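What follows is a short report on a single structure.
The values are calculated or read from the model by the stated rules, or taken from the named source; none is laboratory data. Because the structure is a prediction, the values reported are computed rather than measured. All Cβ positions, glycine included, derive from the backbone under ideal geometry; neighbour counts span all protein chains shown. When the accessible area is computed, the model is the full protein with side chains, heavy atoms only, and any ligands, DNA or RNA have been set aside. Shrake-Rupley method; radii C 1.70, N 1.55, O 1.52, S 1.80 Å.
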Amino acid sequence: MGTLIKLPSTDQKLVKNCRKGDGKAQRELYEKYAPQMLSVCRRYVRSLEDAEEVLSNAFIKVFTKIDQYSGEGALGGWIRRIMVNEALNYIRYQKNLFVEIEHENHSQLSHTGFSDKMDADHLLAMVAELPLGYRTVFNLYGIEGYTHKEIGEMLGISENTSKSQLSKARKHLQERLEQNELLYKEQ
Amino acid sequence: MKENNPLDEYFKAGLEGHEIQPSASVWDKIEAGVETKGSRKAGVWLLLRAAMITIFLGLSTWVFYQNNDFKVGDAKPMEEITFTRPTITDSPAQTSAAKEEKGNESRKDSGKEEKTTTPEKEKKQSKVIPIMTQPVKSKSIYVKAEEAPAVIDESMLVSSETWTPDNSVVLDAERVSANKVTPIKVKFKLKPATTPAFYADNSERDVTTQEDKPGFKEKVYAYANNQFENLLAGRPLELPKPERKPQLEIDLGKIFNN
């Protein structure tokens, strides 16, 4: 007749069990939030491999620091902040190793544009292909919602630098969108 | 919240809820990096158990060596040693033909004793005469190395070359050496007291305890004789007792009260 289905645990229950060190709870939490979080990470770095690297490092931090989650605010939001933090660390780490070659990569974009609205993958691709500085500031300001002051502190830059980087990023993205729409329109 | 910019809003909305499926390797990395409470506990306990076993082994080894003191002078019990009565012969060849007997046979009935061993060797039997009743010859006595201790001949005492220590007699070498007499020179001066009686008892004197020249030879000979009798009788050997040297008596009362 009816089969028993295990209902997904609530965030509260997951956190409680993860605090105990329950491996199954950890797995469940990961399964629940990893896909969104990978998308978050993907925006900050150049490639999917880099994004997965950030994701794994960040989740390790999530599980080791689960005790520090006070319960205030959504669990997703708390995890997301760890993701962003880890993404920035990764960028800094990469910067120290070698000079990141910034060049625009048009091949990622599909020029067919089947749908009216740009789908998420396209948008993500557009953001991801921005130069490092623009990309980071745009992500932090436009999507995460940090202030320039906060961004300045996080990245070690001045507020003005943050503002200029943001405007340049927007300009870039605007051009990209128009290009795509134009291409779409041409067809 | 000042997300007024339409571009920002557009992107934000567009990316809202966007998901990318991570590859399986990601979870493996995470799992490896995170210690679940169970594994950490087990790891700590394992370490504790290993440490306990190591400590236990170390302690027991130490205790074992403490209790079983392995000294150099562990002597064998007397029963294991077999002695042969030395027979006085003119040459070593004849001595080697002599039979071995147990040392604890009584001396009294050894006058004209026969060997009580295998019939084959009866031919080689020779009369055994106890040492003390035998005529003393001026020549040195040939004795087999593993036989009874050599007879202490007066002539042997004089020249140290002929007197060799016999290995078949086991003495506690450590204890013997510890009792060696060492010369002690004691010199002391006492404060002269007011009463003349004090002078009578305590005077300046050199006290030495070395006296080995007069009568030493006689003492050694007497000791060896005694010990040999003990040996034949099967009694344990005795160490030489050191004489108590004359000691100076000090009346401390007089010293402190003056």
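Just a few scattered comments:
- Inter-label distance, nm, simple model (7 Å from Cα along the C-beta direction), B:Phe256/B:Glu243: 3.4
- Net charge over other residues, Cβ less than 12 angstrom from the Cβ of A:Lys163 (K, R count +1; D, E count -1): +2
- Nearest-0.05 FRET efficiency for A:Asn85 and A:Glu178, computed from C-beta distance (R0 35 Å): 0.55
- In the assembled protein chains, B:His18 presents an accessible area of approximately 20 Å² (probe radius 1.4 Å).
- Approximate spin-label separation A:Ile5-A:Asp121, in nm, with each point projected 7 Å along Cα-to-Cβ: 2.8
- Which of B:Ile55, A:Ile157 is most accessible, then next, and so on - probe 1.4 Å: B:Ile55, A:Ile157
- For A:Glu28, net neighbour charge (Lys/Arg +1, Asp/Glu -1) across residues whose Cβ lies under 15 Å away: +4
- Label-point gap, in nm, between B:Ala51 and A:Lys24 - each point 7 angstrom along Cα→Cβ: 3.3
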